[in-house]
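This report concerns only the one structure given below.
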Amino acid sequence: MNFCPSVVRERAEVLSNTLVNSEYRHLVAACGPLAASAAPGQFFQLLCPASPGNAPFFRRPMSLYGADPAKRQVEFLYKVTGAGTRGLADLHPGDRLDMMGPLGRGFVLDPAWKSIVAVGRGAGLATLAPLAQAAQALGIAVTAILSARRPDLVVSDALFRSRGATVLTVTDTEGTSGPAHVEGLLRGLIGQGSCDAFFTCGSSRLLRVQQRLAREFNLPGSVAMEQQMACGLGMCFCCVRDFNVGGEIVHKRVCWDGPVFDVLEALP
Amino acid sequence: MMDRGTTDMAVTIGGVRLANPVMPASGTFAEGLSSVVDLNRLGALVTKTITRELRTGNPLPRVAEVDSGMLNAIGIPSKGVPYFLEHTLPLYRQWVPPLVVSISAPSAEHFAHLAAEVSVPGVTAIEANISCPNIEEDGKAFAMRATSTETVVRHLRAATSLPLWVKLTPNTGDMAEVAKAAEAAGADALVVANTILAMAIDLQTFKPRLGNVMGGLSGPAIKPIVLRQVYQCARAVRLPVIGCGGISTAADAAEYMLAGASAVQVGTATFLHPGAMIDVIDGLARFCALHGMASVTELVGAMKREEADEDDVTWAEPVA
Ligand SMILES: Cc1cc2nc3c(=O)[nH]c(=O)nc-3n(C[C@H](O)[C@H](O)[C@H](O)COP(=O)(O)OP(=O)(O)OC[C@H]3O[C@@H](n4cnc5c(N)ncnc54)[C@H](O)[C@@H]3O)c2cc1C
Ligand SMILES: Cc1cc2nc3c(=O)[nH]c(=O)nc-3n(C[C@H](O)[C@H](O)[C@H](O)COP(=O)(O)O)c2cc1C
Ligand code: FES
């Protein structure tokens, strides 16, 4: 009998792992064809190397930042926060990264859409980034609203621009990242017919704004959610969150039922 | 040593023939694993514990990592028996290995009802998770004491004709007595064991690292403790003992079998390495072949324990 896995565990070769700004790193790894076929919104479970004093036990979930099936590569963009991501930061070209994926349900683009809006903050910008290429391939215009604490911490902006997206950055230091201001930007885009759907990740406040607008204008939307994970394969139930499905509160596993969910079902 | 041919990996556990002695531990396995590994290679499939009542599970965070292991307080988020019969059971029919259904209930009567309800075609054996709180004994787990173990296993035995595996808790001080009670009440096999009650505190926030404060420790950290308990149980009863606790490699599994386990369950290791069970099966086969064993059952209880002859003790001599 032939067994055909849809998820692989492999020891991918690190090609580069460079600092993007004071908080984020960009890692590129050479991998097999299955991993390189990962879709936007999907994620990998990375076994992070131990560094002195730190031995991360669980794998760490990391969104796909980019995939190239022809070159057989995957990319991650990650913020160094704790034991696991510090271990990742220590990887050098030529080292092996034990990764498992692609996992979860990613973003779905409707070819009938003419334009979409991606709204992200912090590490959520990494998750949204591969949408740019997928939308470009379908001829869908993208406006990206990228939110960060400071202008120098905005990530993914160059990638969005290189795929023809219009980029608006909003930051805390400039006082432009508040929900009211972002809502104003979104209303403007909806008013000029540039928003057939919302895509969001990384901010509960911005999610609430989009939920309001999605209801008011009857627009579809997707949100990528985060939750601590152990197995990443729907087996351990540690990653459940509450969702509102038709007025009823149900538990869903972020790793298996998501990480991408209907914007109206998510509870920020 | 030389490879002396292949080893028969089949084992029989309480009337159930398994192609090999390796299976998942309840609650650490679901159909999602089939996207990474071929489930038909496993000795058996074991479901997450199901309950009669609908449960949602415990508050977040439900897991925390500790040195060489993890804490969990998942609770038992169960969708109930009808859901199991209508959805889970048909789904598992696509795989060949025997299906073992793990059940739990808050009283002996409820346990018996549930065992009867899941004794349906497609289910090969029942694993009774009696490490759960017994409402008739102030929430103390059934398997903490020999008396409550005997009562619940008698009820279960009367309620089903399927092979009955009984999963014990490592948190009792009376492992061998509890094992004997389960045997006397009609169990067909013992699973040793569930997680060890433990906790951890975050030094930045001063908060417990589990929403539930306490939870179960699993993974490599518990292996030496549970290995000892398997040894104690295997010596106390004639029933087959299934070892479960911190097994990640074939070497771990071999150690358990030498201590007296007739089969093993792999839990936490699968979270880190989805192919862990396959590696254990292949590695165990190689290990047995290397030792010229015709059957993997030759490993069971084969630990050599000779009393050292005082005259033989040479290592204590100081080197000049
Ligand atoms: C589906 C998904 C995709 C993600 N994609 C990205 C990404 O592309 N870039 C990025 O920078 N970050 C991403 N994250 C967050 C990333 O997983 C965490 O930053 C990382 O796990 C932190 O690990 P640590 O050991 O460095 O931190 P620690 O704080 O030491 O981690 C302790 C534990 O908490 C978990 N944890 C901590 N923060 C998070 C979090 N935000 N989400 C889930 N678990 C967490 C860890 O996995 C670990 O189990 C994603 C999370 C999820 C669930
Ligand atoms: C996340 C998680 C969920 C579990 N759920 C159950 C369960 O539903 N029923 C049960 O009998 N044991 C459950 N267990 C215990 C395991 O089956 C096993 O006994 C224990 O984890 C020790 O084995 P390990 O060290 O190989 O993980 C669970 C363990 C974990 C880590
Ligand atoms: S991480 Fe295990 S179920 Fe989602």
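The values are calculated or read from the model by the stated rules, or taken from the named source; none is laboratory data. As the structure is a prediction and not an experimental result, all values here were calculated from the model. Methodologically, a virtual Cβ is constructed for each residue, glycine included, from the backbone with ideal geometry; neighbour enumeration extends over all protein chains shown. Each accessible area value is taken on the protein alone, full model and side chains, heavy atoms only, with ligands, DNA and RNA left out. Shrake-Rupley method; radii C 1.70, N 1.55, O 1.52, S 1.80 Å.
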- Determine, for each peptide in A:167-177, B:291-301, B:144-154, the mean count of other beta carbons within 10 angstrom over its residues, then list the peptides with the highest first. B:144-154, B:291-301, A:167-177
- Query: Which residue fluctuates the most in chain A, going by a Gaussian network model with Cα springs under 10 Å, if the choices are A:200, A:18, A:81?
  - Reply: A:81
- Task: Would you mind telling me the share, in percent, of accessible area of the protein assembly as shown contributed by carbon and sulfur at probe 1.4 angstrom?
- Result: 53
- Computed for A with B: buried accessible area summed over both chains, 1.4 Å probe, rounded to 100 Å², at 2500
- Message: Starting from the 7 Å offset along Cα-to-Cβ, what nm value, one decimal, do you get for the label separation of residue B:291 and residue B:214?
- Response: 3.7
- For the stretch A:117-172, alpha-carbon Rg over 2.2 N^0.38 Å: 1.02
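Residue by residue through B:201-210, how many Cβ atoms from other chains fall within 10 Å of the Cβ on average?
Across the residues of B:201-210, the mean count of other-chain Cβ atoms within 10 Å is 0.
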- Task: Using only the Cα atoms of the stretch B:11-302, each taken as one equal point scatterer with no solvent, compute I(q) by the Debye sum, divide by I(0), and report log10 of the ratio at q = 0.10 Å⁻¹.
- Result: -0.48
- Query: Taking square-rooted eigenvalues a ≥ b ≥ c of the alpha carbon gyration tensor, is chain A rounded, prolate or oblate, where a/c under 1.5 means rounded and, failing that, a/b exceeding b/c means prolate?
  - Reply: prolate
- DSSP beta bridge pairing in the stretch B:11-302, given as percent antiparallel to the nearest 5: 40
- Relative contact order for chain A, counting Cα pairs under 8 Å that sit 6 or more residues apart, in percent: 17
- Message: From Cα pairs below 8 angstrom and at least 6 apart in sequence, can you work out the relative contact order of the stretch A:115-225, rounded to a whole percent?
- Response: 31
- Note on the structure: Quick shape check on the stretch B:5-54: root eigenvalues a ≥ b ≥ c of the Cα gyration tensor, a/c under 1.5 is rounded, otherwise prolate if a/b tops b/c, else oblate, and it reads oblate
- Message: Between B:175, B:303, B:277, where does the largest GNM mean-square fluctuation fall for chain B, given springs only between Cα atoms within less than 10 Å?
- Response: B:303
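Could you work out the mean count of beta carbons from other protein chains within 10 Å of each residue's beta carbon in B:27-40? Provide the component values of the computation, followed by the final result.
On the way: counts 3, 4, 4, 8, 4, 11, 5, 5, 9, 10, 4, 5, 1, 2.
The per-residue average across the peptide is 5.
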- For peptide A:247-254, compute the average count of partner chain beta-carbon atoms within 10 Å of each residue's beta-carbon. 1
- Query: If one takes the longest principal axis of the Cα atoms in chain A, at what angle in degrees, from 0 to 90 and to the nearest 10, does the Cα axis of helix A:179-191 lie?
  - Reply: 70
- Item | Average projected area [Cα convex hull, the protein assembly as shown], square nanometres | 32.4
- Item | Residue order for B:180, B:304 - accessible surface, 1.4 angstrom probe, largest first | B:304, B:180
- Note on the structure: Residue-normalised value, i.e. accessible area per residue, for the stretch A:181-249 at 1.4 Å probe, in Å², stands at 41
- Task: With all protein chains present, calculate the accessible area of residue B:85 using a 1.4 Å probe and round the result to the nearest 10 Å².
- Result: 60
- Message: Not counting ligands, DNA or RNA, and with a 1.4 Å probe, what is residue B:92's accessible surface area in Å² rounded to the nearest 10?
- Response: 20
- In Å², nearest 10: area of residue A:92 left accessible to a 1.4 Å probe: 110
- the stretch B:11-302: relative contact order as a whole-number percent, Cα under 8 Å and 6+ apart: 19
- Message: Please check the stretch A:1-18 for residues whose accessible area, probe 1.4 Å, is lower by 30 Å² or more when all protein chains are in place than in their chain alone.
- Response: A:1, A:3, A:7, A:9
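Could you provide, to the nearest whole Å², the per residue accessible area of the stretch A:1-106 with probe 1.4 Å?
Working: 4590 Å² over 106 residues.
Result: 43 Å² of accessible area for each residue.
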- To the nearest 500 deg cm²/dmol, what mean residue ellipticity at 222 nm is calculated for chain B from DSSP H runs of n ≥ 4 alone, each contributing -39,500 (n - 2.57), summed and divided by the residues? -7500 deg cm²/dmol
- Rounded, prolate or oblate: which fits the stretch A:1-121, taking a ≥ b ≥ c as square roots of the Cα gyration tensor eigenvalues, rounded meaning a/c under 1.5, else prolate when a/b beats b/c? oblate
